[in-house]
Amino acid sequence: MSNAKSLIVGNWKMNGLRADLKEIEAVADSIQQNSFNGDVVICPPATLAALAVDKTVQSPLKIGGQDCHAKEAGAFTGDISAEKWKDLGAEYVIVGHSERREYYREDDKAVRAKSAAVIRAGLTPIICIGESLEERRAGNTLAVVSEQISGSIPEEAKSSPIAIGYEPIWAIGTGLTPSIEEIAEAHSLIRAELEKLLGTSGSTTPILYGGSMKPSNAKEILAIDDVDGGLVGGASLKSKDFLEIIASF
C-alpha cells in the first residue's frame, strides 16, 4: 500500500447554483462528525467558491478551484489566478483536467506552467493525466501517461506537495470503467514515474483515480494499491452519493 495521504476530491465542473450549497454543507457536516483520515475537497464553479468557503470555515472540508491562469495577475479577462484562489480561501486547484486538455487544447507545457503557479501561490495542484480511447486501443496507455507526467509536473514539485489525478478520458461521463487490473497497472506505473522524477516525495504523492467513480464501484477501486483517493465528477454533486464514496474508503 502507498504511504500517501488519502484524498477525495469532488469536481462539480460547470454545475451548481446557490441552492446547491446545501449539498456542500451536508458533506461538511458529515465529515465534521465522522473523521476522515485525509483531505476531502469540493471544487465548485467559481461563482460558488467564496460562498462555499464561508459555509465550510468551521469544517475540515476543503474548497478548491477547477483551473487557474499561469500568471499572478494582469489583463486576462475571465481568468482566475492561483493567487486569487488563495485569497478566496481555497487550498487545492485542479490543473490539466482532460476537458481542459481536449476542449481548450491545453498541452503538457501549459499544464506545467499552471501547476507551478499553484505551488507559487502556496496551494496544492491536482495535476490530471490520462489517455484517450484511441490511445488505449493502440496500446499506448503507459507511454502516454509517462510522457504526461514528465511534461506536466514542474520542478517546484520536488519541494512542494502535489497530487495526481489519473483519468482515462474514455471513462469520464460515459459510465465505462477500466478493469481493476487496468487501473492497478496505470497507478503502478504512475507511482514508479513519480519516484523517478521526485525521489522520496514521489512515494507519498497521492494518486487519485478519476473516471465514472460512483458509490457502486468506489470500494473496489479504492482498495487497489497506489489508489490513494478519487477525483469524482457527477457523483459529487449529491451529498448522499459523495458521502457514500467517502465512507467506502
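The values are calculated or read from the model by the stated rules, or taken from the named source; none is laboratory data. Computed from a prediction, not measured in an experiment: that's the story for all the values here. FYI the Cβ positions are ideal-geometry reconstructions off the backbone, even for glycines, and counts take in every protein chain you see.
Table: residues versus (1) of a type in the set (A, V, I, L, M, F, W, C); (2) within 20 Å of Gly65 (Cβ to Cβ).
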| residue | (1), (2) |
| --- | --- |
| Cys128 | yes, yes |
| Glu131 | no, no |
| Gly151 | no, no |
| Trp170 | yes, no |
| Gly202 | no, no |
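Within the stretch 106-161, which residues are surrounded by fewer than 20 Cβ atoms within 10 Å (Cβ to Cβ), modelled with pLDDT of 95 or more and among the polar types (S, T, N, Q)? Of everything in the stretch 106-161, those that are surrounded by fewer than 20 Cβ atoms within 10 Å (Cβ to Cβ), modelled with pLDDT of 95 or more and among the polar types (S, T, N, Q) turn out to be Ser146, Ser150, Ser159, Ser160.
Does Asn37 count as more than 16 Å from the chain's Cα centre (by Cα) and within 30 Å of Ser188 (Cα to Cα)? Taking the combined requirement at face value, the residue satisfies it.
Of all residues in the stretch 192-226, count the ones that are under 16 Å from Leu7 (Cβ atoms), of a type in the set (S, T, N, Q) and part of a helix (DSSP H, G or I). Looking only at that region, the number is 2. Within the stretch 3-24, the set of residues being surrounded by fewer than 17 Cβ atoms within 10 Å (Cβ to Cβ) and either in contact (Cβ under 8 Å) with a residue 60 or more places away in the chain or of a type in the set (Lys, Arg) (or both) comprises Asn3, Lys5, Asn15, Arg18, Lys22. Can you spot a residue in the stretch 173-181 that is of a type in the set (Ser, Thr, Tyr), touching a helix residue (DSSP H, G or I) at 6+ places or on another chain (Cβ under 6 Å), closer than 24 Å to Glu220 by Cα and in a loop (DSSP other than H, G, I, E, B)? Checking the stretch 173-181: at least one residue is of a type in the set (Ser, Thr, Tyr), touching a helix residue (DSSP H, G or I) at 6+ places or on another chain (Cβ under 6 Å), closer than 24 Å to Glu220 by Cα and in a loop (DSSP other than H, G, I, E, B).
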